[in-house]
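Written out below as structure tokens is the structure these notes cover.
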Amino acid sequence: MLWPVTAQRTSGGQLSIGGVALTALADHFGTPLYIFDETTLRRQARRFRDAFAASYPRSRVVYAGKAYLSPAIAALLWEEGIGLDVVSGGELYAGLQAGLPASAMTFHGNNKSVQELREAVEAGVGLIAIDNAREIELLTALVAETQTTVRVLLRLNPGVDAHTHVKIRTGVLDSKFGLPIETGAAETAVAAILATTGLDLVGYHAHIGSQLFDIEAYEAAIRGVLHFAAAMHRTHGVVPEVLSPGGGFGIAYEEGDEEAPIEEWAGTMAEALRLGCEERGLPLPELVVEPGRSIVGAAGVALYRVGAVKDIPGVRRYVSVDGGMADNIRPTLYGANYTAAVANRLPDGPDERVTVAGKFCESGDLLLSDSLLPRLQPDDLLAVPACGAYTLSMASNYNLAPRPAAVLVGDGNAHLIRRRERYEDVLAMDVLPGQHTDLLVEGV
């Protein structure tokens with residue numbers, strides 16, 4: 001699935017999503033604009049929920065909010081029974097603002113601050129995934145101070161090389177995430193947690209990467225985690241109640257791309273867990289999966305307005321749009337590829353090879369490189385699908401550009417879920433001339 005399931009052309013040739021023409025959305029909300037389709041969001045949430053429930057009844061799905069955490073979208077997913085995986089105090093706050101109970105959240109992150117851990121403990125987060133030895137020390141002090149008991153997972157580094165971009169590969173030994181099994185660091189962490197009153201080690205977590213299409217990598221990760229769990233059971237008497245192999249299910253970004261087969265993979269992961277537990281004499285734990293991109297990615301479409309067109313004969317045709325790397329850093333950061341479609345009219349004439357450039361002052365600000373598109377003119381609207389994940393969540397104010405608005409569409413209606421920033425928003429944290437606050441700094 002590349003486009004939202006409701007995407008279609010109107011009788012006048014305009015592209016519509018959720019029963020709303022994109023021209024109408026552009027006229028009302030402006031561009032750049034991020035459009036999220038409610039039908040696609042609910043469909044993907046139900047696919048994950050139902051596939052894992054059918055294959056493994058003791059399963060739970062939590063949305064990885066780092067893909068894009070809008071309180072409106074988090075609330076919608078919670079209606080479908082999907083919890084939340086957060087990686088910062090800000091994401092925890094957004095989840096609470098969305099109305100989710102903290103008990104439905106898992107708190108991840110490789111360098112959680114004391115303040116973030118305190119916020120998680122005080123809110124009553126359901127699970128905290130410990131990533132390193134320092135977090136054990138910080139939590140030990142916190143639970144002693146607050147006289148609380150915290151359910152924790154231990155994030156393991158299983159040494160599995162998932163075949164994906166190096167910047168989103170997280171399961172190999174040389175990674176900032178998780179405690180390596182092979183070095184003994186993971187077992188040392190287990191012993192330290194068990195020695196701490198107030199820390200309840202309920203299971204293990206592993207995340208091997210993002211945008212994955214190799215189910216064998218998940219099977220290897222599950223085997224590795226279960227092998228470690230069995231050893232900890234023998235040595236320390238720990239019986240895991242929860243096991244999470246993470247998320248990272250791949251999606252389509254261009255025509256002809258495939259997506260990870262959710263239903264098939266749910267069955268394969270469930271079987272690997274059952275068989276692995278049976279072979280090692282472990283009871284079946286709760287299975288927690290953490291899809292993010294694969295829920296929200298295809299539900300989101302970025303809408304841009306074409307501006308300058310520059311022809312360099314024999315070299316390249318550049319078509320510039322009013323967004324770019326400040327709202328979608330993925331092409332610049334990862335070399336990610338996208339496709340696009342003219343949204344305000346039917347294509348006319350043959351396609352031509354063009355490069356779609358952003359408006360920001362970087363030569364690398366290119367959204368699509370050497371893509372075949374209909375001849376584009378200034379004021380055309382260009383729609384880019386599969387933009388729901390890792391776009392707005394990584395957006396910036398580079399060149400002091402206000403970040404785009406976002407709308408949720410469905411049944412012919414559009415609801416603003418994020419207003420467009422204003423110039424005053426961009427400078428809201430700056431102290432302007434004449435507004436300086438004197439600070440007393442004691443020197444040596």
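Bear in mind that the values in this text are calculations on the coordinates, not laboratory data. Please read these numbers as outputs of a predicted model, since none were measured by experiment. Cβ placement follows ideal geometry from the backbone for every residue including glycine, while neighbour counts extend to all protein chains displayed.
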How large is the dipole of the chain about the Cα centre if only Lys and Arg carry +1 and Asp and Glu carry -1, each at its Cβ, rounded to the nearest 20 debye? 320 debye
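Using a Cα distance threshold of under 23 Å, what count of lysine pairs results for the chain when pairs must be 8 or more residues apart or interchain?
Values: 66/112; 66/167; 66/176; 112/167; 112/176; 167/176; 310/359.
The number of close lysine pairs in the chain is 7.
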Residue 241 paired with residue 413, simple spin-label distance in nm, labels 7 Å along Cα-to-beta-carbon: 4.1 nm
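Let me check against my output: what whole-number percent is the relative contact order of the stretch 108-291, with C-alpha pairs under 8 Å and at least 6 apart?
Values: 327 pairs, mean separation 35.1, N = 184.
Contact order relative to length: 19 percent.
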Degrees, to the nearest 10: 262-280 long Cα axis against longest axis of the chain: 10 degrees
In debye to the nearest 20, how big a dipole does the stretch 108-291 give about its Cα centre with +1 on each Lys and Arg Cβ and -1 on each Asp and Glu Cβ? 860 debye
Specify the residue with the greatest mean-square fluctuation among 82, 262, 128, computed from a Gaussian network of the chain linking alpha-carbon atoms under 10 Å apart. 262
Within the set of other residues whose C-beta is less than 12 Å from the C-beta of residue 33, count the net charge using Lys and Arg as +1 and Asp and Glu as -1. +2
According to a simple spin-label model (label point 7 Å from Cα along Cα-to-Cβ), what is the distance in nm between residue 420 and residue 8? 2.9 nm
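For residue 274 and residue 431 in one chain, what is 0.36 nm times their gap in residues minus the Cα-Cα distance, to one decimal in nm? Mind dumping the intermediate values first?
Numbers: separation 157, 0.36 × 157 = 56.52 nm, distance 5.81 nm.
The span from residue 274 to residue 431 would gain 50.7 nm if fully extended.
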Taking a label point 7 Å from the Cα of residue 379 along the Cα→Cβ vector, which residues of the stretch 25-56 have an amide N closer than 18 Å to it? 25-32
Please build a GNM for the chain, connecting alpha carbons under 10 Å apart, and tell me which residue among 61, 309, 321 fluctuates the most. 309
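Give the shape of the stretch 108-291 as rounded, prolate or oblate, defined through the alpha-carbon gyration tensor: a ≥ b ≥ c are the square roots of its eigenvalues, a/c under 1.5 means rounded, and otherwise the shape is prolate if a/b is larger than b/c and oblate if not.
Judged from the Cα gyration tensor, the stretch 108-291 comes out prolate (a/c at least 1.5, a/b above b/c).
Could you compute the FRET efficiency for residue 231 and residue 363, with r as their C-beta to C-beta distance and R0 at 51 Å, rounded to 0.05?
Details: r = 52 Å, r/R0 = 1.02.
E(calc), rounded to 0.05, equals 0.50.
What percent antiparallel are the DSSP beta bridges of the stretch 108-291, to the nearest 5? Mind showing how you got there, number by number?
Working: 1 of 19 bridges.
In the stretch 108-291, approximately 5 percent of DSSP beta bridges are antiparallel ones.
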Computed from the coordinates I sent, mean projected area of the Cα convex hull in nm² equals one of (i) 25.9; (ii) 30.9; (iii) 21.8. Tell me the label. (i)
Given an 8 Å cut-off on Cα distances and at least 6 residues of separation, report the relative contact order of the chain as a percent. 20 percent
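If you stretched the chain out fully between residue 111 and residue 188, how much longer would it get, using 0.36 nm times the residue separation minus the C-alpha to C-alpha distance? Working shown, then result.
Values: separation 77, 0.36 × 77 = 27.72 nm, distance 1.86 nm.
Result: 25.9 nm gained on full extension.
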With the dipole of the chain worked out from charges on the C-beta (+1 for Lys and Arg, -1 for Asp and Glu) around the Cα centre, which of 251, 346, 378 lies farthest toward the positive end? 346
Residue 58-residue 195 pseudo-label distance in nm [points 7 Å out on the Cα-to-Cβ vector]: 3.0 nm
From the Cα gyration tensor of the stretch 359-432, with a ≥ b ≥ c the square roots of its eigenvalues, which class applies: rounded if a/c is under 1.5, or else prolate if a/b is larger than b/c, or else oblate? oblate
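Nearest-5 percent of antiparallel DSSP beta bridges in the chain? Mind dumping the intermediate values first?
Values: 31 of 68 bridges.
Here the share of antiparallel DSSP bridges comes out near 45 percent.
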Roughly how tilted is helix 215-236, in degrees to the nearest 10 and between 0 and 90, from the longest Cα axis of the chain? 20 degrees
The stretch 10-52 to the stretch 270-288: how many Å between their Cα centroids? 39 Å
Using only Cα atoms, find the angle between the long axis of helix 185-194 and the longest principal axis of the chain, and express it within 0 to 90 degrees, rounded to the nearest 10. 60 degrees
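Report the gain in length on full extension from residue 346 to residue 24: 0.36 nm times residue separation, minus Cα-Cα distance, nm rounded to one decimal. Working shown, then result.
Values: separation 322, 0.36 × 322 = 115.92 nm, distance 1.59 nm.
Taking 0.36 nm per residue and subtracting the Cα distance, the gain is 114.3 nm.
Per DSSP H run of at least 4 residues, take -39500 (n - 2.57); add these up for the chain, divide by its residues and hand me the 222 nm value, nearest 500 deg cm²/dmol. If you can, show how the numbers build up before the last one.
On the way: 12 runs with 132 residues, N = 444.
Helix-only estimate at 222 nm: -9000 deg cm²/dmol.
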Mind checking which of 40, 391, 183 has the largest fluctuation in a GNM of the chain, springs on alpha carbons under 10 Å? 183
